[in-house]
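The values are calculated or read from the model by the stated rules, or taken from the named source; none is laboratory data. The structure presented is a predicted model; accordingly, all values stated were derived computationally and were not measured. We place every Cβ from the backbone using ideal geometry, glycine too, and count neighbours over all the protein chains shown. With ligands, DNA and RNA removed, areas are computed over all heavy atoms of the protein, side chains included. Shrake-Rupley method; radii C 1.70, N 1.55, O 1.52, S 1.80 Å.
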Amino acid sequence: MATTTPTALVTPRRGFRLVLRNRKAAAGLIILGVFALVAALGELIAPYDPDALSPALLEGPSGAHWLGTTNTGQDILSQLIAGTRGVLLVGLLAGAIATVLSIVVGVTAGFVGGAGDEALSLLANVFLVIPALPLIIIVASLLPSAGGTTVALVIGLTGWAWGSRILRAQTLSLRRRDFVQAARANGESLWRIVFFEILPNLTAIIASGFIGTVIFAVLSQITLAFIGVTSVSDWNWGTILFWAQSNQALAQGAWWWFVPAGLCIALLGTALTLVNFGIDEFVNPRLRTGGNRPVKGIRPRVGFTPVRRKETS
Amino acid sequence: MTFLLRRLAFYLVTAWAAITLNFFIPRMLPGNPVQSLITRYQGQLSTDATKALYALFGLDEDTSLWQQYLDYWGRLFSGDLGLSFTYFPTPVAEVIEQSLPWTLILVGLSTMVSFTLGTLAGAYLGWRRGRWTDALLPIGSFFSAIPYFWLGLIAIAVLAVAWPLFPSSGGWDGAFVPSWDADFIWSAVYHGALPAITIVISSIAGWMLGMRNMTVTVAAEDYVTVAHAKGLKERTVMFAYAARNAVLPNVSGFALSLGFIVGGTLVTEIVFSYPGIGYILYQGVSAKDYPLMQGVFLIITLSVLAANMLADLAYALLDPRTRQEG
Amino acid sequence: MNQPVLEISGLSVDYGYHDDAVHALRDVSLSLGRGEVLGLAGESGCGKSTLAYAATRLLPPPGLITGGEVLFHSRTGETLDLLRLPDDELRAARWDEIAIVFQGAMNSLNPVRRVGRQLTDVMAAHRPGVPMSVHKGRARELLGLVGIPADRMPAYPHQLSGGQRQRVMIAMALALDPQVVIMDEPTTALDVVTQRQIVERLIALRAELGFSVVFITHDVSLLIEMADRIAVMYAGRIVEDAPAAEIYAEPRHPYTRGLLGSFPPLRGPRRALSGIPGAPPDLASLPPGCAFAPRCPHAFARCEGERPELSGGRRLSACFLPADGPVAAVQGVAPVE
Ligand SMILES: Nc1ncnc2c1ncn2[C@@H]1O[C@H](COP(=O)(O)OP(=O)(O)O)[C@@H](O)[C@H]1O
Ligand SMILES: [Mg+2]
């Protein structure tokens, strides 16, 4: 949030290592790595073609179909694997677009100040308050063919405001710091100051904003696919849920059809959130729990400092 | 006072921006959408409706863009949002009027409940950080990562299909006619319970995590240490000093994330076929009913703005620094 | 002085629970006489605030008290072992016996609670039987004592200036008529004029109310003027502890000498400002010998390998240099005429 104080002058690489040492962040990164691997391998590890029909109609999990089949005999595990790539690509693309926009708007607003700042902040706040998902739904449904790239573009163009707000606040506080003032006094060019003095100190916040947007993008695109606004022939986890819902999987008790996709979404979201926890704890040292592993017998408590006694007395 | 005036000005600008956006979206579409619509609704569209469509998409060659914009505002002020195709020939305004109260009550109540419970839980967790309760953090982030609609599906599968405690869809029992009598209200509450529980469960973790981190941050503030040094009761320190300050960013965060939450809850309505504005939006989207979509978007945005203003008012009441006096 | 009111012995504090912990206080012993003003001086980061917080277990996580004892002797002759008290008894003793004015009064007041309320809530918590109207009267009286009009009671902290907030904190510290008031750099954030006023007010109040004061600052010249006794800290240890006049006339520890050289005295003859070259050591990994040795102009072989203990009866210092040795005379702090 806006109240955090960045640990200035920590190089991004050292910061990355610090975040890694955090157990929550490390767990998140491992889960993300597994998803990335599945997305990269895709067809290679999928047991079947996700579109291939088979005589095994609406069967529960079995040796042949680990996660069961749909009402047309398609293999759900293969659909899930095929969907992973789409979900990750759209999420990353949308996250990248939104992050670039948020940096441009946020850092500019924080750096130029005055009327320019007022105008850009107003723009960001307007985008923040207008409900994004209904807007995305409408825009996506108005477009003749909403494939993955279009969806990523729409999400990226609407989802930058939150990050830009936080970046603006941080840039403002950095601008007043000694090292930036010194660079200005030395007559360094504006661009040099922004790229070499300001941006490196915003790395953690940019990373956290990027992850936040990826979470938002993943949820949005899955929602879009689920309500059938986007192309239902591109596999993503929302598409699986769309077919499950439109074929009454619920009423037929075919839990294997809609449970795994939802769990994948939640797991991916959790992994991303955990990485963000790590970044938060790095940015805001108060959130750290003493190296994150309190020792047995010591209860860290606000207002009553623990006392460790030697066993003698 | 200046704080509230500034905010009011901001909402006016935002409302203007949203309404203008609403005007431009259909105009930025490639091709001639009206022609495809007319083909789609063969014969069902009256000449009036066709003309309205041409105006909506700005394909009316005779009028300038500016004139179109003025006409659009004129129609808005007279409450004319056009005719819905799906519910032809019901005006969009009427369709929205019937569904809006359902959403306001469902989403409004469950969001308030979720915010209150989540904030209380977060304050408690933040206060007790470093103990086993910290294990709730990853669990909480798992729940906040679950899409609302999927939790809705699970809730239906478990509590309506496998173990039929609640109805799986609709806003009231078909045997009743909407009115203010006790049976109908009871039926509405019964039908709303499952969607409401779904919304609360999927949004509570977000509030909890935010409040927890704010409480941890505030607990290290000097004034909290002073409160401890003063020997005040633990409860006083926690509520009157730590949580009381930690809740401020949570309230402003509440205002800012409303747009986001509302998006999620609308999809919950779709899953439960709940007769609210989200379900109407879904109907509009499935049928490519542009006037209905536009109207719904406008109403959602204005409602979110109104809710935002309420949150701002609450903030002004909670934080004396926004009130300029003495 | 007579019987001490507060006795700290062997107090050690770490930040962090593991091997990489910062040893912020090591084996600190100090006693505060009844009615005495004890000055605690040292560069910023040497552990002064840590000492103030640790005495009543107020250190924030990851603070950990790893040893030592803090004894409080009340007027009635009762002795409280503060580090062993159960929570509710410690809570009762806080502010009632030992009040603290924290470093940075800017953030010491709850921004969303009225000033008057913050004065009365502490009285209500410790004197539950007394009616609220009495507390309110007392709060007004206290504000008057520190020179703030009583009509500021309903103000919020953001409506007060920095100096006013600092005075409110002092008034609050006196609310329960405590026997010990610990003041952690109460004036550093203020301009010189306000600083002067507050210190003078404080000295007058002490004479009137008779509490003891631990006055923490990195500004030794201020202490020379107002303290009875001065303890000098370096890297988490007390390195010198002696009556103020004697410290001024004849500092024994080279670090004290350096400190005295860093500030212009408020009154009296001017001295050349020398300052101390070098930077304070890393508290997580200190050398085996004297922590000041690397910066000390008089360090010799023994200083590097062995740590000098605080010793010397009434005038304590932790240094291997002979007390009245030639070094003091050679390098000394001879007044500049
Ligand atoms: N919360 C903390 N976590 C880790 N180290 C701390 C913390 N607070 C203080 N320290 C360290 O303890 C040492 C003493 O700090 P402090 O008591 O605040 O010094 P002083 O008040 O003399 O300036 C410093 O070196 C500081 O870095
Ligand atoms: Mg200090």
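Name the residue, out of B:Leu266, B:Leu302, B:Leu232, whose mean-square fluctuation peaks in a Gaussian network model built on chain B with Cα pairs under 10 Å.
Comparing B:Leu266, B:Leu302, B:Leu232 in a Gaussian network model of chain B, the most mobile one is B:Leu232.
Long-range amide H contacts for C:Gly33: which residues qualify at under 5 Å (H placed 1.01 Å from N, peptide plane, sequence gap of 5 or more or a different chain)?
For C:Gly33, the qualifying residues are C:Val5.
Which value, in square angstrom to the nearest 100, describes the accessible area buried between chains C and B on both sides, using a 1.4 angstrom probe?
Protein heavy atoms only, the C-B interface buries about 2200 Å².
Label point 7 Å out from A:Asp178 along Cα-to-Cβ: which residues of the stretch A:186-204 have amide N under 18 Å?
Flagged as within label range: A:186-187, A:197-198, A:201.
Within 10 Å of each Cβ of C:51-64, how many other protein chain Cβ atoms are there on average?
6
Computed on protein heavy atoms with a 1.4 Å probe, what is the summed buried accessible area for the chain pair A and C, in Å² to the nearest 100?
1700
If each residue of separation counts as 0.36 nm, what is the full-extension length gain between C:Glu225 and C:His158 once their alpha-carbon separation is subtracted?
20.8 nm
Which shape class applies to chain A: rounded if a/c is under 1.5, otherwise prolate when a/b exceeds b/c and oblate if not, where a ≥ b ≥ c are the square roots of the Cα gyration tensor eigenvalues?
Oblate shape, in that a/c is at least 1.5 and b/c is the bigger or equal ratio.
Can you give me the % of accessible surface on chain A that is carbon or sulfur? Probe 1.4 Å, all protein chains present, nothing else counted.
66
Along the Cα→Cβ direction, 7 angstrom out, place labels at B:Ser78 and B:Ser46. What is the inter-label distance in nm?
Using points 7 Å along Cα→Cβ, the separation is 1.5 nm.
Pop out the ³J(HN,Hα) list for the stretch A:183-191 in order, Karplus 6.51 cos²θ - 1.76 cosθ + 1.60 with θ = phi - 60°, rounded to Hz; leave Gly and Pro as x.
My calculation for the stretch A:183-191 gives 4, 5, 5, 6, x, 5, 5, 4, 5 Hz in order.
Which value at 222 nm does chain C reach when only helices count, each DSSP H run of 4 or more adding -39,500 (n - 2.57), with the total divided by all residues and rounded to the nearest 500 deg cm²/dmol?
-9000 deg cm²/dmol
For a protection proxy built on the mean count of beta-carbon atoms within 10 angstrom, sort A:159-168, A:176-185 highest first, please.
A:159-168, A:176-185
Set the Förster distance to 45 Å, then compute FRET efficiency between A:Val232 and C:Leu286 from the Cβ-Cβ distance, nearest 0.05.
The value I calculate is 0.10.
Could you sort C:201-212, B:187-198 so that the peptide with the highest average Cβ count within 10 Å comes first and the rest follow in order?
Result, highest mean first: B:187-198, C:201-212.
What angle, in degrees between 0 and 90 and rounded to the nearest 10, separates the Cα long axis of helix C:162-173 from the longest principal axis of the Cα atoms of chain C?
80
With chain C treated as a Gaussian network of Cα nodes joined by springs under 10 Å, which of C:Ile230, C:Ile100, C:Ile148 yields the largest mean-square fluctuation?
Largest GNM mean-square fluctuation: C:Ile148.
Within a 10 angstrom radius of each residue's Cβ in A:270-276, how many Cβ atoms of other chains show up on average? Whole number is fine.
Averaged over the peptide's residues, the number is 4.
With θ taken as phi - 60° and the coefficients 6.51, -1.76 and 1.60, list the Karplus ³J(HN,Hα) couplings across the stretch C:97-112 in order, rounded to whole Hz; mark glycine and proline as x.
Listing the rounded values in order: 9, 10, 10, 10, 9, 7, 4, x, 5, 3, 10, 7, 9, 5, x, 10 Hz.
Counting only heavy atoms of protein chains, what accessible area per residue, in Å², does the stretch A:169-248 have with a probe of 1.4 Å?
Computed with neighbouring chains in place, this is 41 Å² per residue.
Kindly compute the accessible surface that chains A and B hide from a 1.4 Å probe when together, both sides summed, and give it to the nearest 100 Å².
5200
Compute the distance in nm between two label points, each set 7 Å from the Cα along the Cα-to-Cβ direction, one at C:Ala124 and one at B:Thr116.
Computed distance between label sites C:Ala124 and B:Thr116 equals 2.4 nm.
Helix-derived [θ] at 222 nm for chain A: sum -39500 (n - 2.57) over DSSP H runs of at least 4, divide by residue count, nearest 500?
-21000 deg cm²/dmol
Which residues' amide hydrogens lie under 5 Å from the amide hydrogen of C:Val28, considering only partners 5 or more residues apart or on another chain, with H built in the peptide plane?
Result for C:Val28 returns C:Gly10, C:Leu11, C:Ser12.
How shielded is B:256-268 by partner chains, expressed as the average number of their Cβ atoms within 10 Å of its Cβ atoms?
If you average over the peptide's residues, the count of other-chain Cβ atoms is 5.
Would you mind checking which residues have amide H under 5 Å from C:Val213's amide H? H placed 1.01 Å from N; only 5 or more apart, or other chain.
Sorted by chain and number, the residues that satisfy this are C:Glu36, C:Val37, C:Leu38, C:Val181.
Leaving out ligands, DNA and RNA, and with a 1.4 Å probe, what % of the accessible surface on chain B is carbon or sulfur?
Carbon and sulfur together cover 69 percent of it.
Please work out the FRET efficiency for the pair B:Ser286 and B:Leu12, using the Cβ-Cβ distance as r and a Förster radius of 41 Å; give the result to the nearest 0.05.
0.75
For the stretch B:2-77, what's the relative contact order in percent, using C-alpha pairs closer than 8 Å and at least 6 residues apart?
31
For B:Met208, what accessible area in Å² do you get when you roll a 1.4 Å probe over the heavy atoms of the protein chains, rounding to the nearest 10?
Probe radius 1.4 Å; accessible area of B:Met208 about 30 Å².
Which whole-Hz couplings ³J(HN,Hα) result when phi for each residue of the stretch A:119-132 is put into the Karplus expression 6.51 cos²θ - 1.76 cosθ + 1.60, θ = phi - 60°, listed in order with x for Gly and Pro?
My calculation for the stretch A:119-132 gives 5, 5, 5, 4, 4, 4, 5, 4, 5, 6, 7, 5, x, 6 Hz in order.
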